[in-house]
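J.: Have a look at this one before I ask anything.
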Amino acid sequence: MGITLGTVMFIVGIVGLVTCLVLLYFMPKIFSKQKKKLLEEIQA
């Protein structure tokens, strides 16, 4: 029993899903910091 193309695609799909979920979790925090920084620069 070898690794088939379907198995590889399945694993890559799971890795991609986990990556997207992690990015969705961290992106708003990163962008809110950037937004605060830009607003401070504009007001200064």
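Values quoted throughout were computed directly from the atomic coordinates according to the rules given, and no laboratory measurement underlies them. Here the structure is a predicted model, which is why all the values come from computation and not from measurement. Glycine gets a Cβ as well: all are built from the backbone with ideal geometry, and neighbour counts include every protein chain shown.
J.: Computed from the coordinates I sent, mean projected area of the Cα convex hull in nm² equals one of [x] 3.0; [y] 3.8; [z] 3.5. Tell me the label.
T.: After the calculation, the listed value that fits is [y].
J.: Still on this structure, please answer the following. Where Lys and Arg each count +1 and Asp and Glu each count -1, what net charge lies around residue 29 among other residues with Cβ under 15 Å from its Cβ? All intermediate terms of the calculation are to be shown ahead of the outcome.
T.: Numbers: positive: 33, 35, 36, 37; negative: none.
Summing Lys and Arg as +1 and Asp and Glu as -1 gives +4.
J.: Report, to the nearest 10°, how far helix 5-43 tilts away from the longest principal axis of the Cα atoms in the chain, using its own Cα long axis and a range of 0 to 90°.
T.: Approximately 0 degrees, to the nearest 10.
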